[in-house]
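Engineer: I have a structure I would like to understand better, so I am pasting it below and will then ask my questions one at a time.
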Amino acid sequence: MIVGFSESYKDFLVDQLSGFGSVTIKRMFGGGGVYRDGLMFGLVDDDMLYLKVDATSQADFEEVGSRPFVYQPGNGKAVQMSYWRAPEICMDDQSELLKWCGKAMQAATRAAQKKPKSKK
């Protein structure tokens, strides 16, 4: 079982996302966050890519049979996150990957706009 993600998968994603701007993948909570312009639009776990979803984009992911990322914290209750598995076609078609990452980036941007600005 892979915990988090392998360096080869990380390298593969960074290469495939080279046309999407400056993308970084940072280790966090046993997996990895996928970032562009300071926004997390994806996560990686068990060498699988999950993309940010919101009410506007969730139906698109459901339509292609994608499933949400779910984890089990210490209390045993499953927690569903707002990240859904990237459609299978994304791993075989770079233009599809970029299209779906665009949807995820839009969802991440909408989420960031809803957050209250911190007081300094």
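The values are calculated or read from the model by the stated rules, or taken from the named source; none is laboratory data. Computed from a prediction, not measured in an experiment: that's the story for all the values here. Methodologically, a virtual Cβ is constructed for each residue, glycine included, from the backbone with ideal geometry; neighbour enumeration extends over all protein chains shown. Each accessible area value is taken on the protein alone, full model and side chains, heavy atoms only, with ligands, DNA and RNA left out. Shrake-Rupley method; radii C 1.70, N 1.55, O 1.52, S 1.80 Å.
Engineer: Among (1) in contact (Cβ under 8 Å) with a residue 40 or more places away in the chain; (2) open to solvent by 70 Å² or more (accessible area, probe 1.4 Å); (3) polar (S, T, N, Q), there is one condition Gln16 misses while meeting the rest; what is its number?
Structural biologist: Single failed check for Gln16: (2).
Engineer: Moving to a separate point now. Is it true that some residue in the range 74-82 is within 13 Å of the chain's Cα centre (by Cα) and not aromatic (Phe, Trp, Tyr)?
Structural biologist: Within the range 74-82, the first condition is being within 13 Å of the chain's Cα centre (by Cα), and the residues that meet it are 81-82.
Cutting the leftovers down to not aromatic (Phe, Trp, Tyr) gives us 81-82.
Yes - at least one qualifying residue is present in the range 74-82.
Engineer: Sort through Lys10, Lys26 and tell me the only one that's surrounded by fewer than 16 Cβ atoms within 10 Å (Cβ to Cβ), at pLDDT below 95 and of a type outside the set (S, T, N, Q). Show your work before the answer.
Structural biologist: Working: Lys10 fails: surrounded by fewer than 16 Cβ atoms within 10 Å (Cβ to Cβ).
Criteria check complete, one pass: Lys26.
Engineer: Would you check if Lys10 is more than 14 Å from Leu98 (Cα to Cα) and in a helix (DSSP H, G or I)? Talk me through it step by step, then tell me what you get.
Structural biologist: Values: more than 14 Å from Leu98 (Cα to Cα): yes; in a helix (DSSP H, G or I): yes.
Against the criterion (more than 14 Å from Leu98 (Cα to Cα) and in a helix (DSSP H, G or I)), Lys10 qualifies.
Engineer: Mind checking which strands (runs of 3 or more DSSP E) fall wholly inside the range 29-120 and carry at least 3 residues that are open to solvent by 30 Å² or more (accessible area, probe 1.4 Å) and touching a residue at least 40 places away in the same chain (Cβ under 8 Å)?
Structural biologist: On the way: elements: 31-36, 39-45, 48-52, 68-71, 79-85.
Strands (runs of 3 or more DSSP E) meeting the threshold: 39-45.
Engineer: Something else about it: Out of Phe69, Phe61, I need the residue that is farther than 21 Å from Gly21 by Cβ and in contact with a Leu (Cβ under 7 Å, 6 or more places away or on another chain). Which one?
Structural biologist: Numbers: Phe61 fails: in contact with a Leu (Cβ under 7 Å, 6 or more places away or on another chain).
The unique qualifying residue is Phe69.
Engineer: Do we have Phe41 as touching a strand residue (DSSP E or B) at 6+ places or on another chain (Cβ under 6 Å) and at pLDDT 95 or above here? Walk me through how you get there before you give the answer.
Structural biologist: Working: touching a strand residue (DSSP E or B) at 6+ places or on another chain (Cβ under 6 Å): yes; at pLDDT 95 or above: yes.
Considered against the rule, which asks whether it is touching a strand residue (DSSP E or B) at 6+ places or on another chain (Cβ under 6 Å) and at pLDDT 95 or above, Phe41 comes out as yes.
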